[in-house]
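J.: Just dropping this structure here.
Derivation of every value follows stated rules applied to the coordinates shown; laboratory data play no part. Nothing here was measured: the structure is a model prediction, and the numbers come from that model. Quick reminder, even Gly has a Cβ in these numbers, built from the backbone with ideal geometry, and neighbours come from all protein chains shown.
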């Protein structure tokens, strides 16, 4: 049985993740939550403290609690979308949605993501162009239980990665970079040769233990590179300071 404390956490988290409460929105005062959930003030305080520790909300003494800014997450965790990276480097970016379909999560994909089969997902394919040349093919899955507002979003004006960074908080990410050979379909879209070397970034992001999105981004190997600056820590293990791509 779910405790009242956990129910408060999940209810508030759902409203934030679903875009119902946007950054800066004031969370109901403690006495309002006490009345709504018929519980003690200590229980409410415990729930709000847990949300603050996760970075979901910020608490201001004598003022209240508010939905945290997404910008903090992006700066600390250092995830940028393709369009922002291109524009920061002085290039022109555009995108086109090639596929947009709501599906049910199949067994193979569920195992890959560490999720349960049967969940509703939004599957997207998006072609990114930089300075008039295809630069990346994005294949993305969005978990609709975590991002219900994505169900009706067309992504026509804002690419999926940028939209997610602006709309959805997250707490953990994992990157894998690998070299692949372009198959016929990928080569056609990226205007390269079949079998040509490509760089692929695979990224999965979570909010706590639940997947928000999984994306595979394929770049032509001769038009893109991953680069980073590092510095040694006190133990001599290098830490990455920044990541960037050149177009």
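J.: On C-alpha positions alone, give me the angle between the axis of helix 41-53 and the longest principal axis of the chain, in degrees, nearest 10.
T.: 20 degrees
J.: Per residue and in cubic angstrom, what volume does the convex hull of the Cα atoms of segment 4-68 have?
T.: Convex hull of Cα atoms, per residue: 73 Å³.
J.: Return the FRET efficiency for the residue pair residue 20, residue 42: r is the Cβ-Cβ distance, R0 is 35 Å, and the value is rounded to the nearest 0.05.
T.: 0.85
J.: Kindly express, to the nearest 10 degrees and within the range 0 to 90, the angle between helix 4-17's C-alpha long axis and the longest C-alpha principal axis of the chain.
T.: 40 degrees
J.: Further question on the same structure: Quickly work out the residue 60-to-residue 117 label distance, labels modelled 7 Å from Cα along the C-beta direction, and quote it in nm with one decimal.
T.: Spacing of the two 7 Å Cα→Cβ label points: 4.9 nm.
J.: Another question, if that's okay. Using a cut-off of under 19 Å, list every residue of segment 126-151 whose amide N is near the label point 7 Å from the Cα of residue 92 along the Cα-to-beta-carbon line.
T.: Flagged as within label range: 127-136.
J.: Please state the relative contact order of the chain as a whole percent: Cα pairs under 8 Å, 6+ residues apart? Provide the component values of the computation, followed by the final result.
T.: Details: 438 pairs, mean separation 38.5, N = 247.
It rounds to 16 percent for the chain.
J.: If you average the sequence gap of Cα pairs under 8 Å that are 6 or more apart and divide by the length of segment 4-68, what percent do you get for the contact order?
T.: Relative contact order comes out at 42 percent.
J.: Cα convex hull of the chain: mean projected area in nm², to one decimal?
T.: Result: a mean projected hull area of 16.5 nm².
J.: Just to be sure I understand the model, the point goes 7 Å from the Cα along the line to the Cβ. What's the resulting residue 99 to residue 209 distance in nm?
T.: In this crude spin-label approximation the distance works out to 3.1 nm.
J.: Quick check on the chain: helices-only [θ] at 222 nm, where DSSP H runs of length 4 and up contribute -39,500 (n - 2.57) each and the sum goes over total residues. Nearest 500, please.
T.: Helix contribution divided over all residues of the chain: -8000 deg cm²/dmol.
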